[in-house]
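I have placed the structure first, in the form of structure tokens, so that the comments after it can refer back to it.
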Amino acid sequence: MKNEVYQLFKLSRLEKSQKTIFQSLLLFLSISISVNIWASGTEKGVLWKIEKTNQKTSYLLGTVHVSDPRIINFKPELNNVLTKVSSISIEAKLDMEAQMAVAMKMIAPGSNLETNVGSLYFKKITTEMLKYNITPELVRQLKPWAVMMTLSVPSGNDPASFMDVKIYNFGIKKGKKVYGLETLDEQLSIFSNMSNDDQITLLKQAVDELPNRDALLEEMLRIYLDGDIGKLAVINEAHLKEMNNKMLENLMIKLIDDRNKRMLNRMNQRLLEGNALIAVGALHLVGDKGLINLLRQKGYTLNPVY
């Protein structure tokens, strides 16, 4: 079991700084289910300048959680911001002990995933999970949300090179103040409070979407590279309406809207200090309940850098 937990420990480090667990799930949901139905689809820009009278300028960055060279080879504008800011705030910090705790929470000892999902789905899952070096024996003991999270990112991505990891490591290396806007317990509670049936439903949906995952991801990356982040949350709105799944809508309220409120409150001190970079998943920026609009409601002026 020790080796199995260590394997999950490595897996749980998908984004050593901020998006370890459900941001990978968010990536999958955003491209295959796209349930953030409140987004206007009009925002354009990945890096935003945050300004307010009598405060130093800060920045808001929307990130994507992959290791694609087109994403992690940062533009000069972002490199300049990273160099000059005094602090970097990410979604959730992870030390080694916390990461091991995450790995343990992914396991349900004595459970049998095959019994929960059926032999047909289990075969598809184990075949895919072998690409991540996760054995069928270990897959049996994983909680459904943990498997879903794993499958959300193609196995060819290098978690150690994710965009957010690079930003986190840069801040640590340069001796900048690095903050987390959430705790792991807060993040994990979104899943731990889900019923097993709901987890299984989402896992099966993820498995069903696997043939389309890579193509959908590529479409999302192209939109992101174009800076048209408003489209990220509305790209498949018709798909959601077709599914008419209230459970998914409620989940995304917890994953996006509720967390936006929490992160907005906790970034306040950093913005008062000024010269800060706030780096969160791009889906958190857009829509009426997104951080761009919420910050404007608090009197900040936001304009895109690119």
Requested in this report: Test Leu283 against the stated conditions and say whether it is in contact (Cβ under 8 Å) with a residue 40 or more places away in the chain, surrounded by fewer than 23 Cβ atoms within 10 Å (Cβ to Cβ), part of a helix (DSSP H, G or I) and touching a Ser or Thr at 6+ places or on another chain (Cβ under 6 Å).
Outcome: no
Query raised in the report: In region 134-173, which residue that is basic (Lys, Arg) and free of Cβ contacts under 8 Å to residues at least 40 places away in the same chain is farthest from Arg70 (Cα to Cα)?
Result: Arg140
Query - Search result, residues across region 55-108 that are at pLDDT below 95, under 26 Å from Gly299 (Cα atoms) and in contact with a Lys or Arg (Cβ under 7 Å, 6 or more places away or on another chain) - result: Glu91
Requested in this report: Pull up region 207-225, narrow it to residues that are modelled with pLDDT under 90 and over 30 Å from Trp48 (Cβ atoms), then point me to the one that is surrounded by the most Cβ atoms within 10 Å (Cβ to Cβ).
Outcome: Glu209
Report task. Select, from Asn169, Asn212, Asn157, Asn133, the only residue that is farther than 16 Å from Val102 by Cβ and touching a His at 6+ places or on another chain (Cβ under 9 Å). Result -> Asn157
Query - Elements of type helices (runs of 4 or more DSSP H) in region 103-163, at least 1 residues being surrounded by fewer than 22 Cβ atoms within 10 Å (Cβ to Cβ) - result: 113-117, 119-129, 136-141
Query - Hey, Leu240 surrounded by 16 or more Cβ atoms within 10 Å (Cβ to Cβ), in a helix (DSSP H, G or I) and at pLDDT below 95 or not - result: yes
Requested in this report: Output the number of the condition that Leu294 fails; it satisfies all remaining conditions of (1) at pLDDT 90 or above; (2) in a loop (DSSP other than H, G, I, E, B); (3) touching a helix residue (DSSP H, G or I) at 6+ places or on another chain (Cβ under 9 Å).
Outcome: (2)
Requested in this report: Can you tell me which residue among Ala215, Ala206 is of a type in the set (Gly, Ala, Ser), within 23 Å of His284 (Cα to Cα), outside any strand (DSSP E or B) and in contact (Cβ under 8 Å) with a residue 40 or more places away in the chain?
Outcome: Ala206
Query raised in the report: So Asn268 fits all but one of (1) surrounded by 15 or more Cβ atoms within 10 Å (Cβ to Cβ); (2) polar (S, T, N, Q); (3) modelled with pLDDT of 90 or more; what number is the exception?
Result: (1)
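The values are calculated or read from the model by the stated rules, or taken from the named source; none is laboratory data. Model, not experiment: these values are computed from the prediction. FYI the Cβ positions are ideal-geometry reconstructions off the backbone, even for glycines, and counts take in every protein chain you see.
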